[in-house]
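Nothing in this text is a laboratory measurement; each read-out follows from the coordinates by a stated rule. Quantities reported herein were computed from a predicted structural model and do not represent experimental measurements. Virtual Cβ from ideal backbone geometry, glycine too; neighbours counted across all protein chains shown.
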Amino acid sequence: MDELLKILTNMYPDVDFKTHKALIYQGVLDSFDIVSLIAEIDDVFGIRIPPLEIMPENFNSADALYTLITRLSESEV
Amino acid sequence: MKIIKILVIPAIAAVIFFGMQRLLEPKYMSGIYEGRLISEYYGEAISHDVIFLGDCEVYENISPITLWKNYGISSYIRGGPQQLIWQSYYLLEDTLRYEKPSVVVFSVLSMQYNKPQKEGYNRLNIDGMPLTDYKMESAKASAMKDESLLSYVFPLLRYHDRWKELCADDFQYYFSEKKVSVSGFMMRCDVKPVDVIPDGKKLPDYQFGKNSYKYLDMLTKLCKDKGIRLILIKTPSIYPYWYKQWNDQMADYADKTDLTYINCLDLASEIGIDYYTDTYDAGLHLNVYGAEKMGYYLGNILADSVPDRRDNPKYASVWNEKVQVYNWLKATQEREVKEFSKIKTFTY
Amino acid sequence: MYFTSANFLLFFLCTFVGYYTVFRRVQWQFLLMASLVFYAFSGWSNLIYICVTICSTWFAGRQMTRLRIGQEQYLAGIPELSKKGRNTYKAVIKAKLKKWLVLCLLFNLAILAVVKYISFVISSINPLLSVINAQQITSINILLPLGISFYTFQALSYIIDVYRGLESESSLFKFGLFVSFFPQLIQGPISRFDDLKETLYSQHKFDSEEFQAGLARVMWGFFKKLIVADRLITAVMALSDPNGGYGGVYVILNAFFYAITLYADFTGGIDITLGTARMLGVAVKENFSRPFYSVSIADYWRQWHITMGTWFKDYLFYPISASRPMLRLFKWSQKSFGGGFGKRISVYTSTMILWFVTGLWHGAEWHFIVWGLVNGIVIIISKELSPLYARFHKRFRIGDTNGYKAFQIFRTFWLMSFIRIFDVYGSVRLTIKMYLSVIFNFDWTRFITNGPSDLGLDIADYALIAIAVIVMVIAGFTHNNRHMEFTNVKPILRTVLIASMVFAVIIFGIYGFGYDSRQFIYNQF
């Protein structure tokens, strides 16, 4: 989780990612950022997020994103 | 409450629609007066024994007043600019709803047009008719590609664009227009002599089209069925050129169908047409002086088959009024030609 | 059959009446029939194309669902199977699913490629062949089936969604309706099956409220299309004539006029689509927000032709970005160029691919491709400049003022307008020539003496357009086009408003004899 927060804070130092719950809906993250995140997550966690998981619900908060990463790492096919 | 809503809203909408339609329709009270010709007929108080059908070669070239004054013939010219033969046909059908003439005189110049020509002329010939099957048939036969028949039912769909051109005329004549013709005749008192008489330019094919003949057949049959004498006529305008081959076809047709065909071009000297004084545009149309000569000539031919109505008080009173208007208009135009060398008054 | 033709009005009237009366028990079946009839008007042979797409996509979808059900049953049958064993089995099935997906994609894209791009490919190859003195290829001209780009993309979105887990539609005919639904057949929006299935297949009772909302929306579409777009396009055509000599200041004028024309035409068409669908009780997703109020190009593309944008984002941009080669590129560039710019190289690569394809989708011509790439480049540049902006804002603190926002809107509008004229001049060379003329040959004198008076429109036309544009600006100021459905006003006022729009369109619209009611600009794609 800390690593993820580090990545996020690196992108937008002014945003408090611990509490923000509507990163997509409020337009904090755009499609550019999502794609950068995917690349970073792959780089740091070694987890490839498949395109079908790229939906607002999974990227709206750091928590949600972390849940996704955990889920993917457990059920990795 | 609901009933009111269902009735009142469409009623208001209809009032606005037809109000707009009336405003945007061309009034033809300056520039192009011919657009009034067709509709003026429907105000006639008497019936007519002779009906003329055709294009400018009837409504400019024949004076019904001469026919009345000298022969007591009650006639009406149901002509329109570049009236196509199917338009003439349906106009006659429409006319027969109101009266049954003894003679119909049809100007054959329009035989040359086998197909619809110009949307604008269609409008001038059809818009003035009341909404009947005949009007719609005429529109259907005349419609150019992209023309919508619906716009003959609701002219607003055609003239909506005129919002840009709205002028004083449109408001001044909103409720009624002035008249432009006397019994369908449009008067011109100016003179422009014919200077050259050119040969007709060669055509690839002189045969009149199938469609033209189809409607000529229909016209012939309609008149026969109704017991009307049909006369085919070519009035003595020099242009558009009337080819010998065309003339022969009409003569043949008249022979075969037992009709009278009169080619006034060949008879111009007998009729007394003087091309120096009797045309206002160098031979395209006759002026009032030529039209009166045509009146004399045709009166002689028609007098046998048509009664003299001069003793009938109803006819006499209507026609006397027409004569008065005619005389006034003629005097006015003659004065204007003298004073300004051009005509200013076309309506009354 | 175009939306603004009398034929369409008649067709829709018949459909509408039939839908709520005789055929009210078989509504979706009736809609399918109506859609096929509608499509047949564009040419009988076109029906073959759409039917092939419908059948092939439906079949592939069914096969995928069959595989999935098989997998579930198999796994449920042997609960003792180890996790590893399960995963191996899943991988096998997944490979099979992928085979169907790829097959379906390739097949339908091949159809699109052949009818839409073959002559472009040939004409692009021929100059190369002539260089090596090889035989020239004779070009083939296939008549482009109406709306093929739209319905193909809609079908493809379905099959990709099924691959990703969406339950496929069991009825071929229901699926056929999804692809061919006539209001959106010619020019979108490109709907998702998930969004449309409920509303499309359910029974709808006639609802006066819905009807009026739909009617108002349709009239608003006609208003924009017939009063503004079809009128102003006369001037745009004149300005875009390569022999007209309209360079310099006229290029700016053309960019401005074309922005208005395309907006009025395209959003007007979509209004008619959404309105007619709504009158039939079907809720189709919005395709526009308020694009001309956007503050950046990226923002603009979130508000303009939204369904196309999300299509490309979901089915192209994300998959490419998350693909192994792109992730590898990310690692490599990060190592080679460092954590700043290096990290962004892979994103920018995906962006350029996205815009290349978007350009190509719009049309098989170079100017569309260049147009797409320019969009991508501008977006990348603005991204690269954003730290600079941030610093600027920190120092001057004007970022939140209305004045600054107005500046952003103004800037985005003109930037987009200038990129868009690739489309209007129709050739890359001409467009560049026109750009240069703005800089080197501004042509003030001609504009000052003539103004826009010799472009085929008169002062009354311009006045009318100006008034209509003001109405459009006000309509867009507070809301998007949905606002014009008048659902929140008093019934009597709504009736008056709808009637006023009807009369405005009847009188001020461009239609009837003497005018070829122009095809929607977007039809050709």
TODO: Quick one: divide the alpha-carbon radius of gyration of the range B:261-325 by 2.2 N^0.38 Å and tell me what you get.
DONE: 1.36
Task: Relative contact order (%) - criterion: Cα under 8 Å, at least six apart; region: the range C:295-426 - done: 27
Open item on the list: With an 8 Å Cα cut-off and a minimum separation of 6 or more residues, compute the relative contact order for chain C in percent.
Closed with: 20
Task: Restricting the range B:91-146 to GluC sites (Glu not before Pro) in coil, as DSSP defines it, with at most 14 other Cβ within 10 Å - done: B:GLU99
Task: Percent RCO, i.e. relative contact order, over the range A:2-77, from Cα pairs under 8 Å lying at least 6 residues apart - done: 35
Task: Residues of the range B:113-144 with amide N under 16 Å of a point placed 7 Å along Cα→Cβ from B:PHE18 - done: B:130-132
Open item on the list: Taking the beta-carbon count within 10 Å as an exposure proxy, list B:ILE271, C:ILE380 from fewest neighbours to most.
Closed with: C:ILE380, B:ILE271
Task: Average other protein chain Cβ within 10 Å of Cβ, residues C:500-506 - done: 3
Open item on the list: Quick check: the angle from helix B:288-302's long axis to the longest principal axis of chain B, C-alpha only, nearest 10 degrees?
Closed with: 70
TODO: Determine the shape class of the range C:133-264: with a ≥ b ≥ c the square roots of the Cα gyration tensor eigenvalues, call it rounded for a/c under 1.5, and otherwise prolate if a/b is greater than b/c, oblate otherwise.
DONE: oblate
Task: Cross-link pairs B:LYS140/B:LYS244; B:LYS140/B:LYS214; B:LYS69/B:LYS314; C:LYS174/C:LYS224; C:LYS285/C:LYS383 - those with Cα-Cα distance over 22 Å - done: B:LYS140/B:LYS244; C:LYS174/C:LYS224; C:LYS285/C:LYS383
TODO: Mind telling me which of B:LYS221, B:LYS330, B:LYS164 comes out most flexible in a GNM of chain B, alpha-carbon contacts under 10 Å?
DONE: B:LYS164
Open item on the list: Need the list of aspartates and glutamates near C:LYS225 for cross-linking: C-alpha distance under 15 angstrom, and skip anything on the same chain fewer than eight residues off.
Closed with: C:ASP265, C:ASP271, C:ASP461, C:ASP516
Task: Cut-off 20 Å (backbone N to label point 7 Å along Cα→Cβ of B:ARG310), residues of the range B:56-77 - done: B:63-76
Task: Hits among lysines - C-alpha to C-alpha of B:LYS2 under 23 Å, sequence gap 8 or more where chains match - done: C:LYS205, C:LYS490
Open item on the list: Need one word for the range C:15-56: rounded, prolate or oblate. Basis is the Cα gyration tensor (sqrt eigenvalues a ≥ b ≥ c); a/c below 1.5 gives rounded, then a/b vs b/c decides.
Closed with: oblate
Open item on the list: Using the alpha carbons of the protein assembly as shown, what is the convex hull volume per residue in cubic angstrom, as a whole number?
Closed with: 260
Task: FRET efficiency, B:ALA251 to B:VAL325 (Cβ-Cβ, R0 30 Å, nearest 0.05) - done: 0.20
- [ ] Give the long-range amide H neighbours of B:ILE77: residues separated by 5 or more places, or on another chain, with amide H under 5 Å away, using H modelled in the peptide plane at 1.01 Å from N.
- [x] B:PHE52, B:GLY184, B:PHE185
Open item on the list: So if the hydrodynamic radius of chain B is defined as the Kirkwood radius over C-alpha pairs, what does Stokes-Einstein give as its diffusion coefficient at 37 °C and 0.692 mPa s, in µm² per second?
Closed with: 154
Task: Value in Å of the Kirkwood radius, where the range C:295-426 supplies the Cα pairs that are averaged - done: 16.3
Task: Förster-model FRET efficiency, 30 Å R0, C:PHE356 and C:ASP195, C-beta, rounded to 0.05 - done: 0.65
Task: Neighbour-count ranking [beta-carbon atoms within 10 angstrom, fewest first] of B:TRP68, B:TRP319 - done: B:TRP319, B:TRP68
Task: Cα gyration tensor, the range C:6-203 - rounded (a/c under 1.5), prolate or oblate - done: oblate
Open item on the list: How large is the translational diffusion coefficient of chain C in µm² per second when you combine the Kirkwood radius over alpha carbon pairs with Stokes-Einstein at 25 °C and 0.890 mPa s?
Closed with: 96
Open item on the list: For C:CYS51, B:CYS189, which order do you get if you count the other beta carbons within 10 Å of each Cβ and list the fewest first?
Closed with: C:CYS51, B:CYS189
TODO: Starting from the Cα of B:LYS344, move 7 Å in the Cα-to-Cβ direction to define the label point; list residues of the range B:140-174 whose amide nitrogen is under 18 Å from there.
DONE: B:169
Task: Difference of contour (0.36 nm per residue) and Cα-Cα distance, C:ILE467 to C:LEU47 - done: 147.0 nm
Open item on the list: Roughly how far apart, in whole Å, are the Cα centres of the range A:22-47 and the range B:38-93?
Closed with: 85
